[in-house]
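Just passing along the structure, written as structure tokens.
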Amino acid sequence: MIGAGLSGLVCATRLVAGGADVVVLEARDRVGGRLHTSTVGGAAVDLGGQWMTPGQPRLAALARDLGVAIEKHDRSGRALLDDRGGLLAALGQWRVMRRIERMMKRLDGDLDNQSLGEWFAREVRHSIARERLALHADLIFATDPASLSLLHYLTTMNATSGFRPQSSDEYRFEGGAQLLAIRLAERLGERVRLGEPVITIEQSADAIIVRTRPDMERAPTRPDMERDPTHRSQRAEQESTYRGQRAVLAIPPPLVRKLAIELPAGARAYVNAAFSGRVVKCFAAYAQPSWRERGLSGESYHPRGAVRATVELAGDPPVLLAFVVGAEAARWSSRDPDERRGVVLSAFAPFAPEPPLDYLEVDWGTDPWSAGCVPALPPRALSAGARWREPIGRLHVAGTESATTWPGYMEGAIDAGERAASEVLAAL
């Protein structure tokens, strides 16, 4: 197993239950991949994936099995929304959303030859409605619609809740979403080997060989990672070699480009084209949720500007979270830290004008073992034959990017991990 994110750990757990002998190789000094929990002002916050919604049964079942409690996200109060354009903008947006839903049901390969941005520019006449629809896409895919295949957008929307979620309820995990990965890793025990980035995957007629080099460049470690019970140093001075009957690749496709590996044309086309949307999450802890006294929820959405959305994370102390995505996120690390903080606190000012108790930001685009967060494909990749799900000889594919339901989400990671485990067990 290559990758100790949620998908890889679920896959490994299913394989062990099926009687397989498993080793999980992870480049980082921690498990969880794009699930990572830390603290701001003493309150636990998810630096990466965090939400569970109705319609995600695998995730709910896994949380129950691992004894990880969930808590409903309190969205009561008034959100601050873009009110420009009035009824005409709202009506234009509604009409386009209904049209997109019809397109989702009859996917056409020709749709891959244009970007979502091109389609918006041509088909959405009202400029404010167009901005709002682009904002929705920005927040889901963390990339400019001009970079996103229209077919990929429609396929992903069709595999998730689209514009019609079962409800507006959202849930968070008590102790953070990374706790799911930590508890899976605890069950796997010494099978999980941290600090072992894979560099080479080779196949022969009767085996698959994986080589790691623990002295490769690794992601920076925050001091609080030492509190992760799965954290341990397993560095070696020399390259390590693992030989087995099957392997499962459960890492983001853009990272596969770093490996020495032979891939069939469709898989290579996917790996070469795929990119991960950039996300920066910025947190500020406050002494009191003063915005609640004014009937505000802490939630806001901005079609323009660096901060595209904010949300309250109930805790002790309460925390406001801002999302910077796409092109703005790609530029974020080049800006002065004080300037970045000022931009975020300005977005929080309508809710909390006072200085925060603590502040933290995490830029997933600068993490060498993620290179972003949200899976995406540009135009013309799928029509050129890009594929990323089918087994490649003795190598199987997991990871949320390969899911058939909820790709890009924790639910999708579980779906892909379970499917890959079934493939391997059937082949042994």
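The values are calculated or read from the model by the stated rules, or taken from the named source; none is laboratory data. Only a predicted model underlies this, so the values are computations on that prediction, with no experimental measurement involved. So basically every Cβ, Gly included, is an ideal-geometry build from the backbone, and we count neighbours across all protein chains shown. In case anyone asks, the SASA skips ligands and DNA or RNA and just uses the protein heavy atoms, side chains included. Shrake-Rupley method; radii C 1.70, N 1.55, O 1.52, S 1.80 Å.
Search the range 101-116 for residues being surrounded by fewer than 20 Cβ atoms within 10 Å (Cβ to Cβ) and part of a helix (DSSP H, G or I), and hand back the single one that is modelled with the lowest pLDDT.
The residue in question is Gly109.
Scan the range 59-96 residue by residue and report those that are within 24 Å of the chain's Cα centre (by Cα), among the aliphatic types (A, V, I, L, M) and either farther than 21 Å from Ser161 by Cα or part of a helix (DSSP H, G or I) (or both).
Listed by number, the residues that qualify are Leu59, Ala60, Ala61, Leu62, Ala63, Leu66, Val68, Ala69.
Give Glu71, Glu123 a once-over and let me know the one that is among the charged types (D, E, K, R) and more than 30 Å from Pro356 (Cα to Cα).
The match here is Glu123.
Of everything in the range 368-385, what is part of a loop (DSSP other than H, G, I, E, B) and over 30 Å from Arg243 (Cβ atoms)? Give them in sequence order.
Within the range 368-385, Gly372, Cys373, Leu377, Pro378, Pro379, Arg380, Ala381, Leu382, Ser383, Ala384, Gly385 meet the criteria.
One line per residue, one yes/no per condition, for (1) touching a Leu at 6+ places or on another chain (Cβ under 8 Å); (2) on the phi < 0 side of the Ramachandran plot:
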site: Ser346; (1), (2): no, yes
site: Ala349; (1), (2): no, yes
site: Ala376; (1), (2): yes, yes
site: Arg380; (1), (2): no, no
site: Ser383; (1), (2): yes, yes
site: Ala386; (1), (2): yes, yes
site: Arg394; (1), (2): no, yes
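Within the range 179-194, can you find the residues that are surrounded by fewer than 24 Cβ atoms within 10 Å (Cβ to Cβ) and more than 20 Å from Gly48 (Cα to Cα)?
Glu186, Arg187, Leu188, Gly189, Glu190, Arg191, Arg193 - these are the residues of the range 179-194 that are surrounded by fewer than 24 Cβ atoms within 10 Å (Cβ to Cβ) and more than 20 Å from Gly48 (Cα to Cα).
Now for a separate question. For the range 402-428, name all the residues that are farther than 19 Å from Leu184 by Cα and either without any contact (Cβ under 8 Å) to a residue 12 or more places away in the chain or in contact with a Phe, Trp or Tyr (Cβ under 6 Å, 6 or more places away or on another chain) (or both).
Correct list: Ser402, Ala426.
Give me the pairs, please: first residue somewhere in the range 121-144 and closer than 21 Å to Trp332 by Cβ and in a loop (DSSP other than H, G, I, E, B), second residue anywhere and of a type in the set (Gly, Ala, Ser) and open to solvent by 40 Å² or more (accessible area, probe 1.4 Å), beta-carbon distance under 6 Å, and either six or more positions apart or on two chains.
Listed by first residue and then by second, the contacts come to Asp144/Ala327.
Related question: Failed condition for Gln166, given (1) in contact with a Gly (Cβ under 7 Å, 6 or more places away or on another chain); (2) open to solvent by less than 20 Å² (accessible area, probe 1.4 Å); (3) at pLDDT below 95, with all others met?
With (1) in contact with a Gly (Cβ under 7 Å, 6 or more places away or on another chain); (2) open to solvent by less than 20 Å² (accessible area, probe 1.4 Å); (3) at pLDDT below 95 applied to Gln166, the lone miss is (2).
Let me ask another. Leu148 versus (1) modelled with pLDDT of 95 or more; (2) under 18 Å from Met410 (Cβ atoms): which is the lone unmet condition?
The one condition Leu148 does not meet is (2).
As an exercise: evaluate Ala384 against (1) among the hydrophobic types (A, V, I, L, M, F, W, C); (2) out of contact with any Lys or Arg (no Cβ under 6 Å at 6 or more places or on another chain); (3) crowded, with 17+ Cβ neighbours inside 10 Å and give the number of the one condition it does not meet.
(3)
Is it the case, given these coordinates, that Glu293 is over 19 Å from the mean Cα position of the chain (by Cα) and surrounded by 19 or more Cβ atoms within 10 Å (Cβ to Cβ)? Full working, then the answer.
Details: over 19 Å from the mean Cα position of the chain (by Cα): yes; surrounded by 19 or more Cβ atoms within 10 Å (Cβ to Cβ): no.
So Glu293 does not fit the description; no.
Here's something else I'd like to know. Looking at the range 245-279 only, could you name the residues that are of a type in the set (Phe, Trp, Tyr) and over 28 Å from Ala20 (Cβ atoms)?
The initial filter retains those residues of the range 245-279 that are of a type in the set (Phe, Trp, Tyr), namely 270, 275.
Correct list: Phe275 only.
Identify all residues within the range 117-163 that are among the polar types (S, T, N, Q) and surrounded by fewer than 17 Cβ atoms within 10 Å (Cβ to Cβ); write none if there are none.
Once the filter is applied, which keeps residues that are among the polar types (S, T, N, Q) and surrounded by fewer than 17 Cβ atoms within 10 Å (Cβ to Cβ), the range 117-163 yields Ser127, Asn158, Ser161.
Listed residues Ser334, Ser346; which is open to solvent by 10 Å² or more (accessible area, probe 1.4 Å) and within 30 Å of Glu118 (Cα to Cα)?
Only one candidate qualifies: Ser334.
Is it the case, given these coordinates, that Glu361 is open to solvent by less than 30 Å² (accessible area, probe 1.4 Å) and within 30 Å of Ala79 (Cα to Cα)?
Working: open to solvent by less than 30 Å² (accessible area, probe 1.4 Å): no; within 30 Å of Ala79 (Cα to Cα): yes.
Answer is no for this residue.
Might you check whether a residue that is farther than 23 Å from Asp169 by Cβ, crowded, with 18+ Cβ neighbours inside 10 Å and either in contact (Cβ under 8 Å) with a residue 24 or more places away in the chain or among the hydrophobic types (A, V, I, L, M, F, W, C) (or both) occurs anywhere in the range 304-312?
Within the range 304-312 (the criterion being farther than 23 Å from Asp169 by Cβ, crowded, with 18+ Cβ neighbours inside 10 Å and either in contact (Cβ under 8 Å) with a residue 24 or more places away in the chain or among the hydrophobic types (A, V, I, L, M, F, W, C) (or both)), the answer is yes, since at least one residue qualifies.
Quick grid of which residues meet (1) under 30 Å from Ala247 (Cβ atoms); (2) among the charged types (D, E, K, R):
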residue: Thr13; (1), (2): yes, no
residue: Gly41; (1), (2): no, no
residue: Leu66; (1), (2): yes, no
residue: Lys72; (1), (2): no, yes
